[in-house]
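This report concerns only the one structure given below.
The values are calculated or read from the model by the stated rules, or taken from the named source; none is laboratory data. Computed from a prediction, not measured in an experiment: that's the story for all the values here. Here the Cβ positions follow ideal geometry from the backbone for every residue, glycine too, while neighbour counts run over all protein chains shown. Heavy atoms of the whole protein, side chains included, go into the accessibility calculation; ligands, DNA and RNA do not. Shrake-Rupley method; radii C 1.70, N 1.55, O 1.52, S 1.80 Å.
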Amino acid sequence: KQWYQRRVREGFGGIYGVGRAAETEPALIVLSHKPPGASKTVAWCGKGIMYDTGGFSIKGKTTMPGMKRDCGGAAAILGGFKAAVECGFKENLHAVLCVAENSVGPRATVPDDVHTLYSGKTVEINNTDAEGRLVLGDGVAFAGKDLQADIVLDMATLTGAQGITTGTSHGAVLTNNAQWESSAVAAGLTSGDMVYPIVYAPELHFSEFKSAVADMKNSVASRTNAQCSCAGLFIGSHLFKDWFTPSPISWIHVDMAYPVHVGERATGWGPAFLLTLFGGFSKSPLLSTLGPVIPSDQASKRPKHDD
């Protein structure tokens, strides 16, 4: 336990920085399924903020209630992983759960702190309530470096901007691969856990995180410039070296902040989407029939918007 806590404390600056003030230690939980004959590795990373006060950038009395659901991404990944394995997932599959409680206390992160994430990149904290991207930055970096994943999907109740961008019924999908974008939309329509694409233009949007003292800030300069896309790009920046070096990794980001609940009750959004999207990797006749075609070109290049 001491070795594990030390590794989280010293290596995973995002997860530890978010959760270090809580009574319960933060954790990176990895569940792995490695069937014989597998030729690809898939990692599903989930945001598991067990409660979100906002930290020192504290939420108000009307926005904090309900933040027990800020673990909706990790919950969906956990449920999807269990069902996928039981249905006979044919490839290597890892569930990476980034678990922390964003609390206020003497040991809490404060704005102006600089954290080093597992990617090795430094982050200036300018908003402690933008914590989900910090834990998932560590999660996707671990998936890329340690798990050697070919396909990385992260799922999170990430932004309030998601509801403004795609509404309360559709999650937002952001990906570096146009084929996976089409497959995600199709899987959403088939499963009922619907998603809709948001703008992928890192060459235009990532400058929102510019910092004078670190590689990036954790929150945008302008809240009117594709905020939902920017939040996803922050996560992806810790999976990739930069936005200009080609990578063989296919990355799919899903923001499901609003579909995860109706009123005060959870909807269970997510597992059906995951099983359908990756149905082509399943032994289940139903899932393999319903699932969209798995993209064959892992490095499908998207056109740049500033060309």
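Of A76, A108, A100, all but one fail to be modelled with pLDDT of 95 or more and closer than 27 Å to I294 by Cα; the exception is A76. Please give the number of the condition V213 fails out of (1) in contact (Cβ under 8 Å) with a residue 12 or more places away in the chain; (2) assigned to a helix (DSSP H, G or I); (3) open to solvent by 20 Å² or more (accessible area, probe 1.4 Å); (4) more than 19 Å from F244 (Cα to Cα). Only one criterion in (1) in contact (Cβ under 8 Å) with a residue 12 or more places away in the chain; (2) assigned to a helix (DSSP H, G or I); (3) open to solvent by 20 Å² or more (accessible area, probe 1.4 Å); (4) more than 19 Å from F244 (Cα to Cα) is unmet by V213, namely (2). Being within 17 Å of the chain's Cα centre (by Cα) and either buried (at least 17 other Cβ atoms within 10 Å of the Cβ) or touching a residue at least 12 places away in the same chain (Cβ under 8 Å) (or both) is a property that does not hold for G167. Does L233 qualify as being in a loop (DSSP other than H, G, I, E, B) and within 20 Å of the chain's Cα centre (by Cα)? No.
For region 82-103, the tally of residues that are surrounded by fewer than 24 Cβ atoms within 10 Å (Cβ to Cβ) and in a helix (DSSP H, G or I) stands at 4.
Among the residues making up region 200-210, those that are without any contact (Cβ under 8 Å) to a residue 40 or more places away in the chain and either of a type in the set (F, W, Y) or open to solvent by 40 Å² or more (accessible area, probe 1.4 Å) (or both) are F206, S207, F209, K210. In region 138-151, of all residues being in contact (Cβ under 8 Å) with a residue 40 or more places away in the chain and of a type in the set (D, E), the one that is least open to solvent (accessible area, probe 1.4 Å) corresponds to D138. Across region 163-184, which residue is farthest from Y51 (Cα to Cα) among those that are touching a Phe, Trp or Tyr at 6+ places or on another chain (Cβ under 6 Å) and part of a helix (DSSP H, G or I)? The extreme case among them is T166. For the residues A172, A178, A184, the requirement of being open to solvent by less than 10 Å² (accessible area, probe 1.4 Å) and more than 27 Å from L117 (Cα to Cα) singles out A184. Within the option set A21, A43, A27, A38, being in contact (Cβ under 8 Å) with a residue 40 or more places away in the chain, over 22 Å from A214 (Cα atoms) and touching a Lys or Arg at 6+ places or on another chain (Cβ under 6 Å) holds for one residue only, A21. Scanning region 49-70 for residues that are surrounded by 18 or more Cβ atoms within 10 Å (Cβ to Cβ) and more than 21 Å from R107 (Cβ to Cβ) yields a single hit, R69. W243 passes all but one of (1) hydrophobic (A, V, I, L, M, F, W, C); (2) open to solvent by 10 Å² or more (accessible area, probe 1.4 Å); (3) outside any loop (DSSP other than H, G, I, E, B); which number fails? Only one criterion is unmet by W243, namely (3). Scanning region 251-303 for residues that are surrounded by fewer than 22 Cβ atoms within 10 Å (Cβ to Cβ) and in contact with a Pro (Cβ under 9 Å, 6 or more places away or on another chain), which turns out modelled with the lowest pLDDT? Selected residue: A299. Inside region 113-137, residues that are assigned to a loop (DSSP other than H, G, I, E, B), among the polar types (S, T, N, Q) and surrounded by fewer than 22 Cβ atoms within 10 Å (Cβ to Cβ) make up a count of 2.
Filter region 178-194 down to residues that are in contact with a helix residue (DSSP H, G or I) (Cβ under 8 Å, 6 or more places away or on another chain) and farther than 17 Å from V152 by Cα, then give me how many there are.
Going residue by residue through region 178-194, those that are in contact with a helix residue (DSSP H, G or I) (Cβ under 8 Å, 6 or more places away or on another chain) are 183-184, 187-188, 190-194.
Adding the requirement that they be farther than 17 Å from V152 by Cα leaves 188, 190-194.
Looking only at that region, the number is 6.
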